[in-house]
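A.B. asks: Take this structure first; my questions come after.
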């Protein structure tokens with residue numbers, strides 16, 4: 001056979017029992033989940049800011065970052081809902097490179113997924129306990145979300161996964177907002193089809209069981225730009241793109257129309273400083289058009305303690321991304337305050 005078993009992984013229930021959530025954390029999550037639900041159902045006009053590293057590669061650095069976010073949150077929580085981006089799974093276009101903390105709790109060492117699932121649960125739990133902020137992660141592997149489904153307040157399905165049936169059907173089981181990114185082609189129809197699927201009830205096989213889901217009314221779209229057949233990035237955050245999306249939402253009569261704009265990736269062509277300008281343009285479009293103000297619920301920003309990125313080697317700098325380049329802390333802090341002023 002071309003596959004070997006490296007280790008038997010624990011059942012999600014067993015891992016949760018070994019690394020349980022405190023009553024305080026459960027209360028924080030319940031309150032945060034109610035708050036974000038109100039935003040995506042239109043009961044609250046707060047603006048969502050999902051912000052953090054491209055990939056969570058170091059527990060101490062990520063928790064320091066989230067603690068800094070919490071201090072800003074204390075000042076802007078009347079206008080913004082800050083959700084730390086703690087992405088522990090990293091999709092790779094060619095399958096090569098660092099795949100996130102789930103695969104490698106220590107980027108310098110060989111993959112160890114048993115240690116990885118423990119590490120990511122501990123990271124998310126510690127971040128909540130130290131900051132009071134529940135976080136977002138990407139559902140790269142549908143079956144693995146069961147290890148974190150009692151912790152997260154937001155999940156995203158990536159551009160390479162959004163057409164996958166198992167991702168769509170698993171998203172239909174969630175009771176928190178799930179953002180369905182446009183595929184790498186940038187196709188809006190594919191993206192909205194995924195939202196339709198996620199909002200519907202389904203019966204399918206999940207972790208060896210025959211299951212039926214209720215459908216997730218909080219499923220929505222994420223615009224992250226696309227790439228044409230020549231490999232050129234095509235942004236889709238402009239005013240005309242948002243208006244077109246609004247019209248397509250109306251035609252399909254989906255529940256709770258909503259969009260979060262990813263300011264990096266193909267929208268910025270990974271020129272991370274452009275995120276500042278892109279967010280500013282999105283806010284301008286939103287303030288200009290009352291319909292877009294209701295539709296555009298938030299932005300995604302890639303940011304870390306230090307700006308840029310670095311290679312994995314013996315001289316890595318604490319708090320700098322080892323995957324895509326990110327904004328540094330000072331720019332991030334200024335940007336969040338600016339968002340709060342303009343929302």
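Since every read-out is calculated from the coordinates, none of them should be taken as a lab result. Quick caveat: nothing in here was measured; it's all calculated off a predicted structure. For neighbour counting, all protein chains shown are included, and Cβ atoms are generated from backbone atoms with ideal geometry for every residue, glycine included.
A.B. asks: With a 10 Å Cβ neighbour count serving as the proxy for reagent exposure, in which order, fewest first, do 5, 36, 128 appear?
C.D. replies: Least crowded to most crowded, the residues run 5, 36, 128.
A.B. asks: In the chain, what percentage of the DSSP-assigned beta bridges are antiparallel, given to the nearest 5?
C.D. replies: Given both bridge residues lie in the chain, the antiparallel proportion sits at roughly 20 percent.
A.B. asks: While we're on this one: Can you give the calculated 222 nm mean residue ellipticity of the chain, where each DSSP H run of n ≥ 4 adds -39,500 (n - 2.57) and the sum is split over every residue, rounded to the nearest 500 deg cm²/dmol?
C.D. replies: -12000 deg cm²/dmol
A.B. asks: Using a/c under 1.5 as the rounded threshold, could you call the stretch 165-272 rounded, prolate or oblate? The axes a ≥ b ≥ c are square roots of the C-alpha gyration tensor eigenvalues, and prolate needs a/b larger than b/c, oblate otherwise.
C.D. replies: It is prolate, given that a/c is not under 1.5 and a/b is the larger ratio.
A.B. asks: Here's a follow-up. So for the stretch 12-342, averaging the separation of alpha carbon pairs under 8 Å that are six or more residues apart and normalising by length, what relative contact order in percent results?
C.D. replies: Relative contact order, the stretch 12-342: 17 percent.
A.B. asks: Mind pulling the per residue volume of the convex hull built on the Cα atoms of the stretch 243-338? Å³ is fine.
C.D. replies: Spread over its residues, the Cα hull of the stretch 243-338 gives 111 Å³ apiece.
A.B. asks: Please report the spacing between the Cα centers of the stretch 281-302 and the stretch 197-219 in Å, no decimals.
C.D. replies: 30
A.B. asks: Where does each of 188, 204, 40 land when they are ranked from fewest to most other beta-carbon atoms within 10 angstrom?
C.D. replies: 204, 188, 40
A.B. asks: Could you sort 270-280, 300-310, 176-186 so that the peptide with the highest average Cβ count within 10 Å comes first and the rest follow in order?
C.D. replies: Listed from highest to lowest mean packing, they are 176-186, 300-310, 270-280.
A.B. asks: Going by Cα centres, the stretch 222-238 and the stretch 86-148 are how many Å apart?
C.D. replies: Between the Cα centres of the stretch 222-238 and the stretch 86-148 lies a distance of 27 Å.
A.B. asks: Can I ask one more? (i) 60, 47, 41; (ii) 54, 49, 47; (iii) 69, 41, 34: which one is Cα extents along the principal axes in Å as calculated from this entry?
C.D. replies: Label (ii) holds the value from this structure.
A.B. asks: At a 10 Å Cβ-Cβ cut-off, how would you order 323, 88, fewest neighbours first?
C.D. replies: Going from sparsest to densest Cβ surroundings: 323, 88.
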